[in-house]
1. Residue by residue, what Karplus-based ³J(HN,Hα) values in Hz, rounded to whole numbers, does segment 26-43 have, using 6.51, -1.76 and 1.60 with θ = phi - 60° and x for Gly and Pro?
2. In nm, what is the difference between 0.36 nm times the number of residues separating residue 87 and residue 2 and their Cα-Cα distance?
3. For residue 54, enumerate residues with amide H under 5 Å from its amide H, sequence gap 5+ or separate chain, H modeled in the peptide plane.
4. Binning every alpha carbon pair distance of segment 7-88 at 10 Å from zero, what are the percents per bin?
5. Which residue, 119, 88, 160, has the largest displacement toward the positive end of the dipole of the chain when charges sit on each Cβ (Lys, Arg +1; Asp, Glu -1)?
6. Restricting to the chain, compute how many DSSP beta bridges are antiparallel as a %, nearest 5.
7. Among 77, 106, 68, which one shows the highest mean-square fluctuation when the chain is modelled as a Gaussian network with alpha-carbon springs under 10 Å?
8. With viscosity set to 1.306 mPa s and temperature to 10 °C, compute the Stokes-Einstein D of segment 2-181, Rh being the Kirkwood radius across alpha carbon pairs; µm²/s, no decimals.
Amino acid sequence: MRARRRALTPEEREHASKVICAKLINDDLISVAVDPFDGGGAVAVYLATPDEIDLSDFIHEMLDRGVKVVAPRWNGKTYELSRLKRLAECDLRRGPMGILEPAEAKIVKPSEVAAWIVPGLAFTIHGDRLGYGGGWYDRLMANAKGFKIGVAHDFQIVENLPHEPHDIQLIRIVTEVRHIEVAAQEP
């Protein structure tokens, strides 16, 4: 999967990111869950590596709506969620794996997150997710009740993946081609 993602042209990556962000922006489930004027919770996002779906359009729209946006931030021992003010270079730093993250440690509890937008290497139509091997998202989302939504290129959807008891199930996967509903889940 890593090789297939790296083989995409910049134009293909940009197109997929724009289409997926538009779907997320117009997603009623997300809009209701994170509506700041109706007591909604935060939305957890990731800051993309060059091969991942870029959520910048979605993040900008959520911030413009006044939604609390959080992203993983390394604290020296583990990842925690920190509030993201904006995507300006001065508000970000490079974490230990070179991934951008919020520069300030304005910590938000996973229990405050109403919607999680997560990356992965591969997904199934049953909501299984293969991450990058560290288990960080599974630990962050372990006791969180918010909706868990995966984003990926359509070729990242596979028939089967290994699944461990601690692996978090997603309720939806959004690709540039389709929108896969897995199961109803209460936030």
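1. With coefficients 6.51, -1.76 and 1.60, one gets 8, 7, 4, 4, 5, 4, 5, 5, 10, 4, x, 8, 10, x, x, x, 7, 10 Hz.
2. This chain segment gains 28.1 nm when fully extended.
3. The list, which skips near neighbours in sequence, is 17.
4. The percentages, shortest bin first, are 17, 45, 29, 8, 0.
5. 88
6. About 55 percent, rounded to the nearest 5.
7. Of 77, 106, 68, the Gaussian network model singles out 77 as fluctuating most.
8. The diffusion coefficient I find is 97 µm²/s.
Every number in this text was worked out from the coordinates using simple rules, so none of it is lab data. Keep in mind it's a predicted model, so treat the numbers as computed, not measured. All Cβ positions, even for glycine, are placed from backbone atoms using ideal geometry, and neighbour counts span all protein chains on display.
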